[in-house]
Amino acid sequence: MSLVDKLKWRYATKKFDSTKKIAADKLQAILDAVQLAPSSIGLQHYRVLVIEDADTREKLKAVGYGQSQITDASQLIVFAAETNINEEFGKKYIDNVAATRNIPREALAGFEGMVLGAINGRTPEQLLIWAQKQAYIGLGVLVTAAAEQDVDICPMEGFDPAGFDEVLGLKEKGLTATVIATIGYRAADDATANAAKVRRPASEFFIHI
Ligand SMILES: Cc1cc2nc3c(=O)[nH]c(=O)nc-3n(C[C@H](O)[C@H](O)[C@H](O)COP(=O)(O)O)c2cc1C
């Protein structure tokens with residue numbers, strides 16, 4: 001099946017089969033794809049929590065508007081934006097670039113200046129919005145990678161971020177819940193699976209210039 005056919009097959013799953021778990025290698029393949037998501041200057045401004053624990057998911061459902069997917073899916077994925085993007089964060093990234101590419105740290109001085117400028121030039125509010133935008137790119141890759149692996153998913157914004165932060169202790173970790181997704185397998189009786197995809201016609205969506 002082509003990628004487009006897989007994206008036609010996928011839908012925001014409303015009801016998961018709670019008896020079905022994603023095989024470890026499949027889950028890993030999906031997470032590997034998410035780790036490869038691009039981000040502005042490569043900073044990876046967010047963390048990704050993979051939550052399987054039943055008690056934790058019950059607590060999260062209570063602050064997730066009772067959405068059953070949170071407990072019934074195989075796993076819950078939480079994209080949590082970094083709340084402490086600062087010089088230290090930027091320098092750690094440069095360290096990683098230097099080590100990964102075997103480049104002397106000094107040779108990266110220009111790039112470091114650009115990275116630190118991008119951080120220092122933003123207010124705390126702008127830094128958070130910046131980080132949250134990157135988290136959504138991770139979500140986009142997750143949606144696509146899950147479809148590629150024939151795994152169902154429901155991207156979700158319907159939750160209380162402060163409640164998630166509290167249950168998961170994210171504030172202490174310098175993180176805040178931004179967007180979530182439940183992944184697993186659709187229940188056989190999820191009627192939503194048969195609904196036709198609603199999208200704007202291409203002529204009202206794409207602008208070719
Ligand atoms: C960022 C985002 C947040 C969403 N939040 C929810 C949600 O909280 N609960 C839910 O059931 N569906 C949620 N959806 C699913 C959308 O309603 C769905 O993707 C959209 O209607 C298009 O349908 P499709 O994904 O089945 O093609 C969300 C989707 C996105 C991308």
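The values are calculated or read from the model by the stated rules, or taken from the named source; none is laboratory data. Since the structure is predicted, the reported quantities are computational estimates derived from the model, not experimental observations. In this analysis, Cβ positions are derived from the backbone assuming ideal geometry, glycine residues included, and neighbour counts consider all displayed protein chains. Protein only, heavy atoms only, side chains kept; ligands, DNA and RNA dropped before computing areas. Shrake-Rupley method; radii C 1.70, N 1.55, O 1.52, S 1.80 Å.
Observations on the model:
- Folded to 0 to 90 degrees: helix 87-101 orientation relative to the chain principal axis, Cα: 90
- Heavy-atom accessible surface of the chain, averaged per residue, reaches 56 Å², computed with a 1.4 Å probe.
- Potential lengthening between Ile209 and Lys173 on full extension [0.36 nm per residue; Cα-Cα distance subtracted]: 8.4 nm
- Rounded to 10°, Cα long-axis angle of helix 109-120 versus longest principal axis of the chain: 60
- For Lys8, the aspartates and glutamates whose Cα falls under 18 Å of its own Cα, not counting residues fewer than eight places away in the same chain, are Glu148, Asp150, Asp152, Asp190.
- Each listed q (0.09, 0.15, 0.17, 0.18 Å⁻¹) maps to a log10 I(q)/I(0) for the chain from the Debye sum over equal C-alpha point scatterers, namely -0.42, -1.02, -1.18, -1.25.
- Probe 1.4 Å, all protein chains present, accessible-area order of Thr176, Thr83, largest first: Thr83, Thr176
- Only protein heavy atoms count here; under a 1.4 Å probe, Met1 has an accessible surface of about 150 Å².
- Share of carbon and sulfur in the accessible area of the chain stands at 55%, probe radius 1.4 Å.
- log10 of Debye I(q)/I(0), alpha-carbon scatterers only, for the range 61-147 at 0.17, 0.24 Å⁻¹: -0.87, -1.15
- Loop exposure criterion: GluC sites (Glu not before Pro), DSSP state outside H, G, I, E and B, at most 13 other Cβ atoms within 10 Å. Applied to the chain, the longest stretch between such sites is 53-156.
- Taking the C-alpha atoms only, the angle from helix 24-35 to the longest principal axis of the chain is near 40 degrees.
- Dipole-positive endmost among Ala33, Ala81, Tyr93 within the chain (Cβ charges, Cα centre): Ala33
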